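Sending over a structure as structure tokens; questions will come in a sec.
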Amino acid sequence: MSLEYLKKSIWVFHLNTGSCNACDIEVLDVLTPYFDAERFGVKLVVSPRHADAILLTGPITYESLPKVVKAIESAPRPRIIIALGSCACGGGIWYDTYSTIGGVPELLKILKEHNIEVDGVYYVPGCPVRPESIIYAIGLFKGLVEKKVKRKVKKAGF
Amino acid sequence: MSEKSLGKKLGLFKILIIAKKAGRVTRKYPFEKPLVTDEFRGKIEIDEKECIGCGACANACPPNALKLIKGENTFILQYFIGRCIYCWRCIDVCPTNAIKGTREFELATPDLNDLYESVVHDVIKCRECSKPIMTVKAKDYIISKVSVSENYIDLDPDCRKKHFLSSIEKRFSGGIE
């Protein structure tokens, strides 16, 4: 799944959905001159209506769920979701607690119920994500680097 | 007014001089090697030849990224990278050192299925109630450590309890039913 429009400058709306702020600090770090994500045209915007991508950090608490759905709904099509960090990717250590829904995979089911379409989801694991890991993800959108992880099923042997 | 604007222009010039002294600080990262230290903890790698499927790592894992899924004919040790917090506790508890840590962090993907890794194990069944008990390799490992266990290892814990109780019964009743 490669989306052609992602090769242009992506404007990102950053949304904290109950994370511990470690991932948010790394997002800030990526925007500093040392890593400088703006050389790829990535820019944080203040409104989801300006955004191409919604950047979610955190395991999505029930408190933040209506706001997250609203923000995704108000982003113009085509829109993508970027799940940043272990919490957003699969719930992290909060995957089965009472107050979180457990990450973006669960959110996609809820969005499907409400008929809100999303054109692509990118997962960036890490706890917290390294700044290089975020830049690698940006490179993946642009087609600068190749995908490294792959599903593996091994048979135990001697 | 003119002095002020001149000062401003000079100020800009000064900044340029300072910027030239500092040089370029931006990393060229996707096109060069990343800075990864020895202390950095990345994704884990499970060696399928060493792994015995005992489930010690699944017990120790704080977010249950490692799971031992117990089926009828196979036990599957499933590793979900998307939930892993890279604490490397599994490496500490693994009895056979099957799990090794890597420095890998470039794990971004558009497909969630890429983040799953699994090791499929064969299973031994109880000789009486034919319930799955443990993996074949775990059985071999236990026998190599405790050779007496060979007599009762292929029994379900419940069946083992029944055997024990019936043997006590026999002892106290003198073999009379």
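Under a no-solvent Debye model with one identical scatterer per Cα of the stretch B:32-177, what's log10 I(q)/I(0) at q = 0.08, 0.17, 0.19 Å⁻¹?
Ignoring solvent entirely, the Cα scatterers give -0.33, -0.99, -1.14.
Past 27 Å, Cα to Cα: identify those pairs from A:K7/B:K33; A:K142/B:K33; B:K100/B:K145; A:K67/A:K147, in the order given.
Over 27 Å apart, Cα to Cα: A:K67/A:K147.
Moving on to the next point. So what is the 222 nm mean residue ellipticity for chain A from helices alone, if each DSSP H run of at least 4 adds -39500 (n - 2.57) and you divide by all residues, rounding to the nearest 500 deg cm²/dmol?
For chain A, the value works out to -8500 deg cm²/dmol.
May I ask you to list the lysines whose Cα is less than 20 Å away from that of B:K170, ignoring any residue fewer than eight positions away on the same chain?
Cross-link targets: B:K161, B:K162.
Percent antiparallel among DSSP beta bridges with both residues in the protein assembly as shown, to the nearest 5?
Approximately 50 percent, going by the DSSP bridge assignments.
Antiparallel DSSP bridges in the stretch A:30-142: what percent, to the nearest 5?
10 percent
Roughly speaking, what is the stretch gain from B:I168 to B:K145, that is 0.36 nm per residue apart minus the C-alpha to C-alpha distance, in nm to one decimal?
Going from the current span to full extension adds 5.5 nm.
How shielded is B:158-169 by partner chains, expressed as the average number of their Cβ atoms within 10 Å of its Cβ atoms?
0
Strictly greater than 18 Å: what percent of every Cα pair in the stretch A:60-132 meets that?
Here the tail beyond 18 Å accounts for 39 percent of pairs.
Distance from the Cα centre of the stretch A:37-92 to that of the stretch B:62-112, in angstrom?
27 Å
Which angle from 0 to 90°, rounded to the nearest 10, does the C-alpha axis of helix B:157-173 make with the longest principal axis of chain B?
Between helix and principal axis, roughly 30 degrees.
Next question. Measuring from label point to label point, each 7 Å out along Cα→Cβ, what is the B:N59 to A:K112 span in nm?
Computed distance between label sites B:N59 and A:K112 equals 3.6 nm.
Quick one: net charge of B:F164's neighbours, Cβ under 12 Å, K/R +1, D/E -1?
Once all neighbours under 12 Å are counted, the net charge is +3.
Could I ask something else about it? List the lysines whose Cα sits under 16 Å from the Cα of A:K150, skipping any in the same chain fewer than 8 residues away.
The qualifying lysines are B:K43.
Helix B:136-145 versus the longest principal axis of chain B: what angle, 0 to 90°, nearest 10, using Cα atoms?
With rounding to tens, the tilt is 80 degrees.
Which FRET efficiency, nearest 0.05, do B:C129 and A:R151 yield, Cβ-Cβ r, R0 30 Å?
Efficiency for this residue pair is about 0.30.
Something else: Separation between the A:S99 and A:E4 pseudo-spin-labels, each 7 Å from Cα along Cα→Cβ, expressed in nm?
4.6 nm
Continuing with the same structure: Setting aside same-chain residues fewer than 8 positions from B:K14, which lysines have a Cα under 18 Å from its Cα?
Candidates past the 8-residue exclusion: B:K4.
Take the eigenvalues of the Cα gyration tensor for the protein assembly as shown, scale each by 5, and report the square roots as semi-axes in whole Å, largest first.
So the equivalent ellipsoid measures 53, 23, 16 Å along its semi-axes.
For chain A, would you read off the P(r) tail past 22 Å as a percentage of all alpha carbon pairs?
Summing the P(r) tail past 22 Å for chain A gives 40 percent.
Bear in mind that the values in this text are calculations on the coordinates, not laboratory data. A quick note: this is a predicted structure, and the numbers were derived from the prediction, not measured. Note: ideal-geometry Cβ built from the backbone for every residue, glycine included; neighbour counts use all protein chains shown.
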